[in-house]
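Notes for the one structure printed next.
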Amino acid sequence: TDQAQAAPYNLTGSGVTVLVYDGGTARATHVDFGGRLTVRDSSGMHYHSTHVAGTIGGSGAASGGTYKGMAPGVTMESYGFQYDGSGIFLYTNPGDLESDYGAAINNYGADIANNSIGTNVEPNGFSCSYQGDYGVTSALIDSIARGSLGSPFRIVWAAGNERQGSRCDIEGYGDYYSTAPPAGAKNHIAVGAINSNDDTMTSFSSWGPVDDGRLKPDIVGPGCQSNDDYGVTSTYSSSDTAYAALCGTSMAAPTVTGCLSLLLQDYRAQFPSQADPRNSTLKILLAHNAVDLGNAGPDYVYGYGSVRIRDTIDFMRTGNFDEGEVDQGGTASYSIDVPAGTAELKVTLAWDDVAGTPNVSPALVNDLDL
């Protein structure tokens, strides 16, 4: 990200608006936000939301630039999750997610949403059977990504920290199948957490697969650190100049959201006549250019690997990607020129699937193949 912010890229996320949907709202008066963050509901200020927002778009003003966020030029709309207490939050009950998303998108022009929240099955003592499930909130997320609130929308979600305990470990599988709702939705970009200093896996980041065998997380990003201050240092709510170090997939998701804000800014400059890319296009751009970790190829620990936003932007600039659609039972064909002597051809496919039926397996509606 430092490279994407520097010349010749000079990207800051300017012109991009991020919905920060969290457990409360951020401290809008923190100097690192410079008036670029607006609180839009009465859910109450929260340290977690403040930290997340700083990772996305803090300027680093209170630290001489040391703790600058990924996209220090973005505009942020801060909303807090609220629900009536019935059912299981963010599993059977999505709370005010749809109304807050609708307001952010249609009233304030949000382009992408960060969601560092989840059901947190393991620490909250909920039934372990919820892990890996595709619930009501997952279906709602999938429909929003496809455009149910007016147009296709881009959504990043923290994969969860379910490996911090062992209560829900499945005999013979250990930490696998530890994705809590709604991180098992199909269309969002689910982000696991690795250590920022060496790309090693953290002790808490949830692993897939989900119950119907789909791969989660989609990608991993920095969400902790195994040396130095042992965390991601970002803005904190205790004062207008405070910082704190925290760890979690809650910290990895805003890293990726901020990175994608840089990409969206550059995409608009490179392809000014095109609409913003769909969420599935962002997913393939990240996956295609990630650094593969763990088992060769995509796996249930690291997904498609560790995000590299400069490489992703460089690839995006080549224009070697396409958005399209295909009919039921149909085929979409593309021609690709492969120069003589090319060692490898790499092709990545993703799609924004129709929302599935909650708690019906498989959740997948359309199955596309290369």
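Compute the distribution of all C-alpha to C-alpha distances in the chain, in bins of 20 Å from 0, and list the percent of pairs in each, rounded to whole numbers.
Result, from short to long distances: 31, 61, 8, 0 percent.
Quick one, what does Rg over Rh come out to for region 1-160 if you take C-alpha atoms and the Kirkwood Rh?
Values: Rg = 16.3 Å, Rh = 16.4 Å.
On the Cα set of region 1-160, Rg over Rh gives 0.99.
With n ≥ 4 as the cut-off for DSSP H runs, can you work out [θ] at 222 nm for the chain, using -39500 (n - 2.57) per run divided by the number of residues, rounded to the nearest 500? Write down the numbers at each step before the final one.
On the way: 8 runs with 85 residues, N = 370.
Here the helix-only value at 222 nm equals -7000 deg cm²/dmol.
If contacts are Cα pairs under 8 angstrom and at least 6 residues apart, what is the relative contact order of region 1-86 in percent?
Relative contact order here is 39 percent.
DSSP beta bridges in the chain, what fraction antiparallel, as a percent rounded to 5?
Restricted to the chain, the bridges split so that about 20 percent are antiparallel.
For region 45-84, what is the Kirkwood estimate of the hydrodynamic radius, computed as the reciprocal of the mean inverse distance between distinct Cα atoms, to one decimal in Å?
Values: mean 1/r = 0.0917 Å⁻¹.
Evaluated on region 45-84, it is 10.9 Å.
Asn227 versus Ile170, label points 7 Å from Cα toward the beta carbon: distance in nm?
Computed distance between label sites Asn227 and Ile170 equals 3.7 nm.
Determine the per residue accessible area of the chain with all protein chains present and a 1.4 angstrom probe, expressed in square angstrom. Mind showing how you got there, number by number?
Working: 15000 Å² over 370 residues.
About 41 Å² of surface per residue is accessible.
Quick one: how many Å² of Cys224 are accessible to a 1.4 Å probe, rounded to 10?
Its accessible surface works out to 20 Å², give or take rounding.
Dividing the Cα radius of gyration by the Kirkwood radius, what Rg/Rh value follows for region 83-218?
Answer for region 83-218: 0.98.
Which of rounded, prolate or oblate describes region 307-348 when judged by the alpha-carbon gyration tensor and an a/c cut-off of 1.5? Write down the numbers at each step before the final one.
Working: a/c = 2.57, a/b = 1.38, b/c = 1.86.
The shape class here is oblate.
Rounded to the nearest percent, how much of the accessible area of the chain (1.4 Å probe, protein heavy atoms only) is carbon and sulfur? The partial results should precede the final answer.
On the way: 7010 of 15000 Å².
Carbon and sulfur together cover 47 percent of it.
When you count, for each residue, the other Cβ atoms within 10 Å and take the mean per peptide, how do 256-268, 211-223 rank with the highest first? Provide the component values of the computation, followed by the final result.
On the way: 256-268: 26.3, 211-223: 23.5.
In descending order of packing, they fall as 256-268, 211-223.
Order 333-340, 275-282 from most to least packed using the mean count of other Cβ atoms within 10 Å.
On the way: 333-340: 5.6, 275-282: 20.2.
Per-residue Cβ counts within 10 Å, averaged per peptide and sorted highest first, yield 275-282, 333-340.
What is the spin-label model distance, in nm, from Arg268 to Tyr108 if the labels are put 7 Å beyond Cα along the C-beta direction?
Using points 7 Å along Cα→Cβ, the separation is 1.7 nm.
Please figure out what share of the DSSP beta bridges in region 112-248 is antiparallel and state it in percent, rounded to the nearest 5. Mind dumping the intermediate values first?
On the way: 6 of 18 bridges.
Beta bridges within region 112-248, antiparallel portion: roughly 35 percent.
Over what distance in Å are the Cα centres of region 198-212 and region 1-36 separated?
A separation of 27 Å, based on Cα centres.
Karplus couplings for region 65-71 from phi (6.51 cos²θ - 1.76 cosθ + 1.60, θ = phi - 60°), rounded to Hz, Gly and Pro as x?
Rounded to whole hertz, the list is x, 4, 10, 5, x, 5, 9.
At a Förster radius of 51 Å, what calculated FRET efficiency corresponds to the Cβ-Cβ distance of Thr200 and Glu325, to the nearest 0.05? Before the final figure, lay out each step's value.
Working: r = 40 Å, r/R0 = 0.77.
Result of the calculation: an efficiency of 0.80.
Give the Cα extents of region 174-237 along the principal axes, in whole Å, largest first.
39, 28, 16
Output the direction-averaged projected area (hull surface divided by four) of the convex hull of the alpha-carbon atoms of region 143-258, in nm².
9.1
Considering Cα pairs under 8 angstrom that are at least six residues apart, work out the relative contact order of the chain and quote it in whole percent.
Numbers: 896 pairs, mean separation 66.2, N = 370.
18 percent.
Give the accessible area for Lys346 in Å² (nearest 10); use a 1.4 Å probe, count only protein heavy atoms, and leave out ligands, DNA and RNA.
100
When all alpha-carbon pairs of region 222-370 are counted, what percent fall beyond 21 Å? Could the numbers behind the result be given before it?
Values: 6615 of 11026 pairs.
Roughly 60 percent, once rounded to a whole number.
Taking just the C-alpha trace of region 38-110, give me its Rg and Dmax in Å.
Considering region 38-110 through its Cα atoms, Rg and Dmax are 14.5, 45 Å.
Explain nothing, just compute: Karplus ³J(HN,Hα) = 6.51 cos²θ - 1.76 cosθ + 1.60, θ = phi - 60°, for every residue of region 181-191 in order, whole Hz, x for Gly and Pro.
x, x, 5, x, 4, 8, 9, 6, 9, 8, 10
Dipole size in debye (nearest 20) for the chain around its Cα centre, Lys and Arg Cβ +1, Asp and Glu Cβ -1? Please report the intermediate quantities before stating the final value.
On the way: 18 positive and 41 negative charges, 153 e Å.
Roughly 740 debye, rounded to the nearest 20.
For the chain, give me every cysteine whose Cβ has no other Cys Cβ within less than 4.7 Å, ordered by residue number.
Flagged as lacking a Cys partner: Cys259.
Whole angstrom only: what separates the Cα centroid of region 114-164 from the Cα centroid of region 247-290?
19
Give me the percent relative contact order of region 112-220, please, defined on Cα pairs under 8 angstrom at least 6 residues apart. Can you show the working numbers first?
Numbers: 235 pairs, mean separation 34.4, N = 109.
Averaging sequence separation for qualifying contacts and normalising by length gives 32 percent for region 112-220.
Would you please give the residues with an amide H less than 5 Å from that of Met45, counting only those at least 5 places away or on a separate chain, with H modeled from the backbone geometry?
Long-range HN contacts for Met45: Thr25.
The values are calculated or read from the model by the stated rules, or taken from the named source; none is laboratory data. None of these values were measured; they are calculated from a predicted model. Cβ coordinates were reconstructed from backbone atoms using ideal geometry, including for glycine residues, and neighbour counts include every protein chain displayed. Ligands, DNA and RNA are excluded from the accessible area calculation, which covers all protein heavy atoms including side chains. Shrake-Rupley method; radii C 1.70, N 1.55, O 1.52, S 1.80 Å.
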